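First comes the structure, then the notes that go with it.
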Amino acid sequence: LGAKIYKGNLPILPLTNKICTKLNINPAELISSGSMLIFAPDEKIIQKILINNNINCSLIGEVTEDKTIDFV
């Protein structure tokens, strides 16, 4: 399987973005300690549970049939 990643939905802190821009680093390629990547058939259920428990979450992409990873 592959994935379609929504670049605009990636939660990147302003300071991280500033440093990455200065060093010409793609912030999507950094290690993100403390983060979870969750795959679920219905994202709304997972988002509701996380939000109700004061856990930040973002829908950053979807699984696709083709074997590529596209940043859109």
Within region 21-42, can one find any residue that is at pLDDT 95 or above, open to solvent by less than 80 Å² (accessible area, probe 1.4 Å) and part of a helix (DSSP H, G or I)? no
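Do you know which of the residues in region 9-20 that are surrounded by 10 or more Cβ atoms within 10 Å (Cβ to Cβ) and not hydrophobic (A, V, I, L, M, F, W, C) is farthest from residue 63 (Cα to Cα)?
18
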List pairs: first residue in region 45-69 and within 19 Å of residue 32 (Cα to Cα) and at pLDDT below 95, second residue acidic (Asp, Glu) and outside any loop (DSSP other than H, G, I, E, B) anywhere in the structure, Cβ distance under 8 angstrom, at least six positions apart or on different chains. 59/43
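The values are calculated or read from the model by the stated rules, or taken from the named source; none is laboratory data. Fair warning: this is a prediction, and the values are worked out from it, not measured in the lab. Cβ: placed from backbone, ideal geometry, glycine included. Neighbour counts: every protein chain shown. The accessibility values were calculated without ligands, DNA or RNA, using every heavy atom of the protein model including side chains. Shrake-Rupley method; radii C 1.70, N 1.55, O 1.52, S 1.80 Å.
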